[in-house]
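I have a structure here, written as structure tokens, and I will follow up with some questions on it.
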Amino acid sequence: MNPVPEDRSPVIREGDRDAAVQRVQEAYTAGYISHEDMDRRLDQVLTARTRREIESALASLPAPDPGRSSTIGAATGRIQRRGAWRVPRHLKVHSAFGRVQLDLSRAVFESQVVDIELRLGTGGAKITVPRDAVVDLEDLRAVWKDTQYQVHRRSTGGGVRIRISGSMGFGRLRIRHARR
């Protein structure tokens with residue numbers, strides 16, 4: 001994952017700044033930069049008005065760790081995960097025919113940002129996210145039915161960020177926050 005997309009447009013997307021802050025903090029924790037340098041770079045990231053300013057703050061930092069990636073796939077049948085299962089940084093879910101049910105409410109996340117790529121032909125998907133999770137559906141393309149998702153009213157936004165992308169053919173994606 002590139003913390004700052006290759007697009008050079010001046011508009012800073014919501015996740016760009018968060019990813020840049022995380023990358024600066026990780027560089028400090030790993031000992032690549034001093035405390036003073038971290039403070040300077042964080043100030044640069046937090047006050048940036050363009051992507052170029054964010055890129056400038058990240059210059060000379062080591063490349064980010066892309067994290068582990070995993071693929072769950074099935075031609076037919078149901079894909080189901082629930083309980084205390086480990087969710088990698090990048091999760092790809094591919095199904096030609098069948099339903100997908102991912103319960104992330106008690107999952108163990110390897111990263112504070114998780115990218116889930118859905119590639120579904122026919123059949124719907126239901127994803128239950130932790131109560132305080134932040135869900136981003138900006139890069140998901142649904143062909144047949146709109147996604148059903150309502151932001152949790154009591155969410156503090158301090159939980160894991162789940163970015164869902166990909167495409168869905170004939171089916172609907174339903175996302176809900178866990179009750180507890």
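Listed here are the residues, each with its yes/no results for (1) in contact with a Gly (Cβ under 7 Å, 6 or more places away or on another chain); (2) without any contact (Cβ under 8 Å) to a residue 12 or more places away in the chain; (3) of a type outside the set (K, R).
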{"residue": "H90", "(1), (2), (3)": "yes, no, yes"}
{"residue": "V93", "(1), (2), (3)": "no, no, yes"}
{"residue": "A96", "(1), (2), (3)": "yes, no, yes"}
{"residue": "R119", "(1), (2), (3)": "yes, no, no"}
{"residue": "G159", "(1), (2), (3)": "no, no, yes"}
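Which one of T71, T122 is surrounded by 13 or more Cβ atoms within 10 Å (Cβ to Cβ) and of a type in the set (S, T, N, Q)? Full working, then the answer.
Numbers: T71 fails: surrounded by 13 or more Cβ atoms within 10 Å (Cβ to Cβ).
Being surrounded by 13 or more Cβ atoms within 10 Å (Cβ to Cβ) and of a type in the set (S, T, N, Q) holds for just one of T71, T122, which is T122.
Do we find that T29 is hydroxyl-bearing (S, T, Y) and modelled with pLDDT of 90 or more in this structure?
Details: hydroxyl-bearing (S, T, Y): yes; modelled with pLDDT of 90 or more: no.
For T29, the condition - hydroxyl-bearing (S, T, Y) and modelled with pLDDT of 90 or more - is not met.
What are the residues in the range 74-92 that are farther than 22 Å from R131 by Cα, open to solvent by less than 60 Å² (accessible area, probe 1.4 Å) and either not in a loop (DSSP other than H, G, I, E, B) or not small (G, A, S) (or both), if any?
Correct list: A74, I79.
Just to be sure, is V160 within 29 Å of R23 (Cα to Cα) and in contact with a Phe, Trp or Tyr (Cβ under 7 Å, 6 or more places away or on another chain)?
So V160 fits the description; yes.
Can you tell me which residue within the range 61-101, out of those that are among the small types (G, A, S) and under 30 Å from V24 (Cβ atoms), is farthest from the chain's Cα centre (by Cα)?
Here the answer is A63.
For the range 150-168, how many residues are at pLDDT 90 or above and either over 20 Å from F109 (Cβ atoms) or surrounded by fewer than 17 Cβ atoms within 10 Å (Cβ to Cβ) (or both)?
So the count comes out to 3.
Being more than 11 Å from V24 (Cβ to Cβ), modelled with pLDDT of 90 or more and buried (at least 16 other Cβ atoms within 10 Å of the Cβ) is the filter here; which residues of the range 36-52 pass it?
A48
Among the listed residues D146, D65, identify the single one that is open to solvent by 70 Å² or more (accessible area, probe 1.4 Å), assigned to a loop (DSSP other than H, G, I, E, B), modelled with pLDDT under 90 and in contact with a helix residue (DSSP H, G or I) (Cβ under 9 Å, 6 or more places away or on another chain).
Criteria check complete, one pass: D65.
The values are calculated or read from the model by the stated rules, or taken from the named source; none is laboratory data. Keep in mind that this is a model prediction, so the values were computed, not measured. Positions of Cβ are generated from backbone atoms using ideal geometry, with glycine treated the same way; all protein chains shown enter the neighbour counts. Please note that ligands, DNA and RNA were not included when accessible areas were found on the heavy atoms of the full protein model with its side chains. Shrake-Rupley method; radii C 1.70, N 1.55, O 1.52, S 1.80 Å.
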